[in-house]
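A short worksheet on the structure shown next.
The values are calculated or read from the model by the stated rules, or taken from the named source; none is laboratory data. Given the structure is predicted, the values throughout are model-derived calculations rather than measurements. Please note: Cβ atoms are built from the backbone with ideal geometry, for glycine as well, and neighbour counts cover all protein chains shown. Remember, those area values only see protein heavy atoms, side chains included, never the ligands or the DNA or RNA. Shrake-Rupley method; radii C 1.70, N 1.55, O 1.52, S 1.80 Å.
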Amino acid sequence: MRPLLRSTIRILASLTFVGLIILAYCKFVTVNPTTVALTLLLAILGIAARWGLAESIIASLVAMLGFNYFFLPPVGSFNIADSQNWVALIAFLITASTASQLSIRARRRTAEADARRREVERLYALGQTMLMSGSVRTTARDTVNSIMRTFEIPGAVLFSKMEDEFFRSDPQTLAISDEQLRWIAGSEEPLIDQQRQIAIVPIRLGGQALGSLGFIGGTLSTAALNAVTYLVAIGIERARSLEEGSKTEALRQSEALKAALLDALAHDLKTPLTSIKGAVSHLLAKPRDADEKELLTIANEEADRLNQLVVEVLEMARIEAARFHPDRSPHAVSEIISAAVQAQEESLKGRRVELHIDEPLPAADIDFEFIQQVLKQLLDNAVKYSPVGSPVTISASVAGERIVISITDRGKGIAEDEQARIFEKFYRGRASRGQVLGTGLGLSIAKGIIEAHGGRIWVTSQPGKGSIFSFALPISEEELVK
């Protein structure tokens, strides 16, 4: 009843206002009809601007009748003697109605502009709140509370799809079920129930579904809903990016600390190992009985193995700490292969080494010592993981702007699910963990050396048919210019 009563009071006030103007011109002020018409027209415009179209139309009709009765001859009658006065009366009515409509339209547009301005201010406040939030959970909770406070909505709920969590402002939001929120999150269309005053909209960014947002007991314009969900999507993604960045930085610092510790430990071990190795070598040089010589030989071999482990740890630490900088220059691949085979001559005894090197082969832009180390590691693996006496094949060829070097063995091969992990630190194949000694660092170091040269290393293998370890190195720029 309140809107009806309010409208009735406005109509009565409008009629009273028009009546007072007519009374004033009839009893107290004598003016011509044109002045009366203009005054009534201004009054109707004021009524339209202040209250609305219905009140101004009713006031226009009453003003027209009063103008006719009191100011157009014959005065005191609704009859009009002069046809020109009919035209004036109709023009007055049309002008009053048109002016009222224009005034109402202007007022409506002003109200819409004010509403949009308030929405922009609220969206700005919501954006500030989200920018100040930290984690995804904190952002979600702050978003729900900020939407309620900023848009004066009784309740709000946010569903984060990746975390699979619901953030509700209060129990009344249970009117929106978890199933509804999940369903809307996977769709592209909002759900708006005007009767229950419930709205659920999907949160999407770049085509990716991030969740959904629900409102209870309040309505927002379509533009405001779209803007709110877009802001929420940006806020959630920002918080998630910050979390990922923090994790990445923490991981980087952890890796740097681990590399520094390994470096320090390896250096501390290298000094006493050098002394032990020197002492054992000195004792072996003197005449000893068989038992003593055997024990010293074992100590010497174990010192060598421990020293190799320290060297590998040092190199791994340098690679992980990004302190590995190869001294690259043009080198002939055939020379590196020959040097590596000669260095592994002892372990290759009793095996046929087959060489398949394309000629002419361009020089590679590499650090000679480090690439030789990679070849030695791959040759050592080929010997360890293949039957005694089986051949080892070394091949080299050009592939585009790279030189590909491969070492082929006739061993048991590597299972397909292990091939992706074979270059990880400390990883060793299941079939050989208890049969072959080693640290599991050799292939990881080889991978680091090759990648530091701008190349890549990989393995192809079939169980029972052996393995092919290959790596690609850049051709020297001088060769490319030729």
Qualifying residues in the stretch 301-330 (those that are open to solvent by less than 50 Å² (accessible area, probe 1.4 Å) and modelled with pLDDT of 80 or more) - the one farthest from the chain's Cα centre (by Cα) | 329
Residue 179 being in a loop (DSSP other than H, G, I, E, B) and modelled with pLDDT of 75 or more | no
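Quick check on residue 468: is it open to solvent by 40 Å² or more (accessible area, probe 1.4 Å), modelled with pLDDT of 90 or more and in a strand (DSSP E or B)?
yes
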Show the residue pairs that are 6+ apart or on different chains and have beta-carbon atoms under 9 Å apart, the first residue being within the stretch 333-345 and closer than 15 Å to residue 470 by Cβ, the second being open to solvent by 50 Å² or more (accessible area, probe 1.4 Å) and not in a helix (DSSP H, G or I).
-> 337/355
Looking at residue 387, is it surrounded by fewer than 15 Cβ atoms within 10 Å (Cβ to Cβ) and at pLDDT below 85?
-> no
Can you give me the ranges of the helices (runs of 4 or more DSSP H) entirely in the stretch 1-85 with at least 1 residues that are open to solvent by 80 Å² or more (accessible area, probe 1.4 Å) and modelled with pLDDT under 80?
-> 2-27, 33-50
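Determine which member of the set 212, 241, 221 is surrounded by 17 or more Cβ atoms within 10 Å (Cβ to Cβ) and either farther than 19 Å from residue 165 by Cβ or at pLDDT 75 or above (or both).
Details: 241 fails: surrounded by 17 or more Cβ atoms within 10 Å (Cβ to Cβ); 221 fails: surrounded by 17 or more Cβ atoms within 10 Å (Cβ to Cβ).
Answer to the selection: 212.
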For the stretch 152-176, what are the residues that are among the polar types (S, T, N, Q) and at pLDDT 80 or above?
-> 160, 169
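Mind telling me which of the residues 346, 401, 418 ends up being farther than 18 Å from residue 446 by Cβ and either open to solvent by less than 20 Å² (accessible area, probe 1.4 Å) or touching a strand residue (DSSP E or B) at 6+ places or on another chain (Cβ under 8 Å) (or both)?
It is 401.
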Please specify each residue of the stretch 173-191 satisfying the condition of being open to solvent by 60 Å² or more (accessible area, probe 1.4 Å) and more than 11 Å from residue 214 (Cβ to Cβ).
-> 179, 182, 183, 188, 189
